[in-house]
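Q: What follows is a structure written as structure tokens; I'll ask about it next.
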Amino acid sequence: MIDVRLLRSDPEGVRASLARRGAPLLLQQIDEATAFDAGLRDISAERDSLRSSINELSKQVAGLRRDGQDAEAEQAMTTSRSLGDTERVLQAEFDRVNAQLRDALLSIPNFPHVDAPDGAGDHDNPVVKGPIGLASHFPDHQRVPHWDTATELGILDNERATKISGAMFTMQRGLGATLSRALCQFALDQNADAFEEIRPPSLVTTATLTATGHLPKFADEAYAIERDDLWTIPTAEVPLTSLHAGEILDEAVLPVRLMAYTPCYRREAGAAGRDTRGMLRSHEFDKVEILAISTPEQAPTLLQELVARAESLMVQLELPYRIIEICTGDMGASHHRSFDIEVYAPGCDAWLEVSSVSWFTDYQARRADIRFKRTGQKGTEIAHTLNGSALAVPRVWAAIMENHRQADGSVRIPDVLRPYMRGATEIRPR
């Protein structure tokens with residue numbers, strides 16, 4: 001969440017920055033949060049004044065009793081009890097308004113970076129690099145949708161996945177399943193030089209999902225296990241971010257670099273009939289995430305590094321790609337600056353997002369209470385967080401099926417994946 005102190009010290013700056021997101025309702029939310037904060041400070045001042053009076057009366061009572069002035073002491077105690085009743089009412093009001101302020105702050109998005117492009121939606125996202133590796137012409141055998149190719153090869157069986165679990169689930173078979181696993185291991189191996197591998201739980205608490213900004217805003221997109229107050233993770237970003245929740249880190253250990261392979265679960269509410277064929281959109285998929293916790297000064301360089309790492313995987317997989325920067329009107333609520341990597345799928349004739357890399361400043365870390373202490377200085381600061389999809393399996397898998405399809409209908413396995421494919425160099429019908 002944003003720093004509430006900014007609402008007090010620079011309210012117009014807050015409004016101007018968030019106005020770039022193009023959501024008029026935000027300005028009303030800012031006004032509400034500002035009003036709650038002002039009310040909270042008034043209540044706090046009155047409550048603290050009462051507490052001071054109660055403490056002073058307690059001292060007077062002790063002195064009066066020592067002097068044998070019992071009647072005066074009893075009168076002072078009566079006054080103190082009355083003030084105590086009022087103080088308890090004020091405390092209850094403080095708790096109520098404080099909860100309202102927190103709810104209001106949780107609904108306010110992060111500030112866009114000054115260099116983030118302005119825009120109303122995804123159509124305004126500029127291409128900042130590429131296209132790279134995009135052929136001027138694709139032969140007919142590469143213009144076949146991956147779902148047709150994969151079904152013919154016997155490596156995609158969504159019909160049985162639907163029978164088992166319902167609509168919008170996928171199932172890979174044979175070398176198709178091996179390819180999915182190979183992609184994950186490849187992504188982990190490529191980032192093992194600098195990132196510690198974690199295998200976090202796939203179920204998290206409400207507090208953990210709130211820390212990354214997925215709650216309350218995206219509750220409808222998440223799968224809840226209400227009986228246990230747990231949620232399935234939509235991305236490994238969620239548990240990795242909270243790994244150091246409530247902790248104070250030494251500046252010397254920053255940046256903390258983590259990576260994880262996990263399954264990811266998303267309801268994809270409102271996606272029915274849109275990009276739901278084949279592997280393009282599903283309720284469950286595998287992904288490798290890379291994440292960093294840093295100082296504010298380290299974050300800009302880390303952002304570029306995460307983008308470069310995700311880009312490198314697309315180069316090695318021999319896929320045509322481009323990099324776009326996300327404009328203010330399309331930016332996620334927690335995001336400060338974001339870049340997407342898209343690969344071209346000739347069979348779908350579409351650019352597919354395969355990686356999203358984002359810098360969150362202190363927005364997530366403030367929710368999770370992740371702090372760091374600078375060497376030789378007093379006090380602590382809120383850390384910055386960044387993360388990126390090193391590789392999300394479904395769309396990369398689909399792009400391989402289409403870009404590496406051969407004239408005879410088989411699919412060539414990219415060279416970098418062959419060590420993970422049990423000797424297979426191509427996928428042919430079973």
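Q: Could you please tell me which pairs satisfy a Cβ distance under 7 Å, a separation of 6+ or placement on different chains, a first residue in region 297-320 that is crowded, with 21+ Cβ neighbours inside 10 Å, and a second residue that is assigned to a helix (DSSP H, G or I)?
A: What qualifies is Arg309/Asn191; Leu313/Ala187; Leu313/Gln190; Leu317/Val396; Leu317/Ile400; Leu317/Val416; Leu319/Ala399; Leu319/Asn403.
Q: Test of understanding: among Ala99, Ala104, Ala73, which residue is exposed (fewer than 15 other Cβ atoms within 10 Å of the Cβ) and either out of contact with any strand residue (DSSP E or B) (no Cβ under 8 Å at 6 or more places or on another chain) or closer than 30 Å to Pro11 by Cβ (or both)? Break it down into steps so the answer makes sense when it comes.
A: Details: Ala104 fails: exposed (fewer than 15 other Cβ atoms within 10 Å of the Cβ); Ala73 fails: exposed (fewer than 15 other Cβ atoms within 10 Å of the Cβ).
Every option except Ala99 fails the conditions.
Q: For Ala308, are the conditions met, namely being in a helix (DSSP H, G or I) and either in contact with a His (Cβ under 8 Å, 6 or more places away or on another chain) or at positive phi (or both)?
A: no
Q: Scan region 92-114 residue by residue and report those that are in a loop (DSSP other than H, G, I, E, B) and touching a Phe, Trp or Tyr at 6+ places or on another chain (Cβ under 9 Å).
A: Hits for region 92-114 are Pro109, Asn110, Phe111, His113.
Each row is one residue, and each column tells you yes or no for (1) in contact with a Pro (Cβ under 9 Å, 6 or more places away or on another chain); (2) more than 30 Å from Ala45 (Cα to Cα).
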residue	(1), (2)
Met77	no, no
Ser82	no, no
Glu87	no, no
Ala92	no, no
Asn98	no, no
Leu101	no, no
Pro109	no, no
Asp118	yes, yes
Asp122	no, yes
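Q: Which residue out of Gly409, Gly388, Gly379 is closer than 30 Å to Gln142 by Cα, part of a loop (DSSP other than H, G, I, E, B), among the small types (Gly, Ala, Ser) and assigned by TED's automatic domain parsing to the domain that holds Thr301?
A: Working: Gly388 fails: part of a loop (DSSP other than H, G, I, E, B); Gly379 fails: closer than 30 Å to Gln142 by Cα.
Result: Gly409 is the single residue among Gly409, Gly388, Gly379 that is closer than 30 Å to Gln142 by Cα, part of a loop (DSSP other than H, G, I, E, B), among the small types (Gly, Ala, Ser) and assigned by TED's automatic domain parsing to the domain that holds Thr301.
Q: Is it fair to say Ala245 is under 24 Å from Leu183 (Cα atoms), of a type in the set (Gly, Ala, Ser) and within 16 Å of the chain's Cα centre (by Cα)?
A: No; evaluated as a whole, the condition is false for this residue.
Q: State which residue is farthest from Ala120 (Cα to Cα) when the search covers only region 32-46 and only residues that are of a type in the set (A, V, I, L, M) and in contact with a helix residue (DSSP H, G or I) (Cβ under 6 Å, 6 or more places away or on another chain). Even if it seems obvious, please write down each step before you answer.
A: Pass one, region 32-46, residues of a type in the set (A, V, I, L, M): 33, 35, 38, 40, 43, 45.
Subsequent filtering for residues that are in contact with a helix residue (DSSP H, G or I) (Cβ under 6 Å, 6 or more places away or on another chain) retains 33, 40, 43.
Numbers: Ala33: 25, Leu40: 35, Ile43: 40 Å.
Per the stated criteria, the residue is Ile43.
Q: Further, regarding this structure: Please enumerate the residues belonging to region 336-376 that are part of a helix (DSSP H, G or I) and aromatic (Phe, Trp, Tyr). Can you show your working first?
A: Going residue by residue through region 336-376, those that are part of a helix (DSSP H, G or I) are 363-368.
Selection gives Tyr363 alone.
Q: Taking Gly213 as the residue in question, decide whether it is modelled with pLDDT under 95 and either buried (at least 19 other Cβ atoms within 10 Å of the Cβ) or outside the structural domain of Ala383 (by TED's automatic domain parsing) (or both).
A: The answer is yes for Gly213.
Residue by residue, here is whether (1) assigned to a helix (DSSP H, G or I); (2) modelled with pLDDT under 90; (3) touching a helix residue (DSSP H, G or I) at 6+ places or on another chain (Cβ under 8 Å) holds:
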position: Leu7; (1), (2), (3): yes, no, yes
position: Glu12; (1), (2), (3): yes, no, no
position: Leu26; (1), (2), (3): yes, no, yes
position: Ile30; (1), (2), (3): yes, no, yes
position: Asp48; (1), (2), (3): yes, no, no
position: Ser52; (1), (2), (3): yes, no, no
position: Arg65; (1), (2), (3): yes, yes, yes
position: Ala76; (1), (2), (3): yes, yes, yes
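Q: So which residues in region 196-213 are touching a Pro at 6+ places or on another chain (Cβ under 6 Å) and under 19 Å from Asp369 (Cα atoms), if there are any at all?
A: Of everything in region 196-213, just one residue is touching a Pro at 6+ places or on another chain (Cβ under 6 Å) and under 19 Å from Asp369 (Cα atoms), namely Val204.
Q: Just give me the residues in region 175-228 being in contact with a Lys or Arg (Cβ under 6 Å, 6 or more places away or on another chain) and either under 22 Å from Ala161 (Cβ atoms) or aromatic (Phe, Trp, Tyr) (or both), in sequence order.
A: Phe195, Glu221
Q: With closer than 30 Å to Gly121 by Cα and at pLDDT below 95 as the only criterion, which of Ala333, Ala365, Ala345, Ala398 stands out?
A: Result of the check over Ala333, Ala365, Ala345, Ala398: Ala333.
Q: How many residues does region 150-167 contain that are aliphatic (A, V, I, L, M), more than 15 Å from Ser180 (Cα to Cα) and not in a helix (DSSP H, G or I)?
A: 1
Residues checked against (1) among the charged types (D, E, K, R); (2) surrounded by fewer than 23 Cβ atoms within 10 Å (Cβ to Cβ); (3) closer than 14 Å to Leu302 by Cβ:
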residue: Trp351; (1), (2), (3): no, yes, no
residue: Phe360; (1), (2), (3): no, no, yes
residue: Arg366; (1), (2), (3): yes, yes, no
residue: Lys373; (1), (2), (3): yes, yes, no
residue: Glu381; (1), (2), (3): yes, yes, no
residue: Thr385; (1), (2), (3): no, no, yes
residue: Gly388; (1), (2), (3): no, no, yes
residue: Val393; (1), (2), (3): no, no, no
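Q: Could you count how many residues in region 285-332 are out of contact with any Asp or Glu (no Cβ under 9 Å at 6 or more places or on another chain) and under 19 Å from Leu240 (Cα atoms)?
A: So the count comes out to 17.
Q: Tell me, which residue of region 115-140 that is touching a residue at least 40 places away in the same chain (Cβ under 8 Å) and not in a loop (DSSP other than H, G, I, E, B) is surrounded by the most Cβ atoms within 10 Å (Cβ to Cβ)?
A: Among them, the one singled out is Gly130.
Q: Select, from Arg227, Arg267, Arg181, the only residue that is surrounded by fewer than 20 Cβ atoms within 10 Å (Cβ to Cβ), at pLDDT below 95, assigned to a helix (DSSP H, G or I) and not β-branched (Val, Ile, Thr).
A: Arg227
Q: Now, a different point. What number goes with the only condition from (1) more than 20 Å from the chain's Cα centre (by Cα); (2) outside any helix (DSSP H, G or I); (3) surrounded by fewer than 20 Cβ atoms within 10 Å (Cβ to Cβ) that Ala333 does not pass?
A: Of (1) more than 20 Å from the chain's Cα centre (by Cα); (2) outside any helix (DSSP H, G or I); (3) surrounded by fewer than 20 Cβ atoms within 10 Å (Cβ to Cβ), only one is false for Ala333: (1).
Q: Before we move on, is Ser282 at pLDDT below 95 and surrounded by 19 or more Cβ atoms within 10 Å (Cβ to Cβ)?
A: On the way: at pLDDT below 95: yes; surrounded by 19 or more Cβ atoms within 10 Å (Cβ to Cβ): yes.
Here the answer is yes, as Ser282 does meet what is asked.
The values are calculated or read from the model by the stated rules, or taken from the named source; none is laboratory data. Just so we're clear, the structure is a prediction, and the values are computed from it rather than from any experiment. Cβ atoms come from the backbone with ideal geometry, glycine included; neighbour counts cover every protein chain shown.
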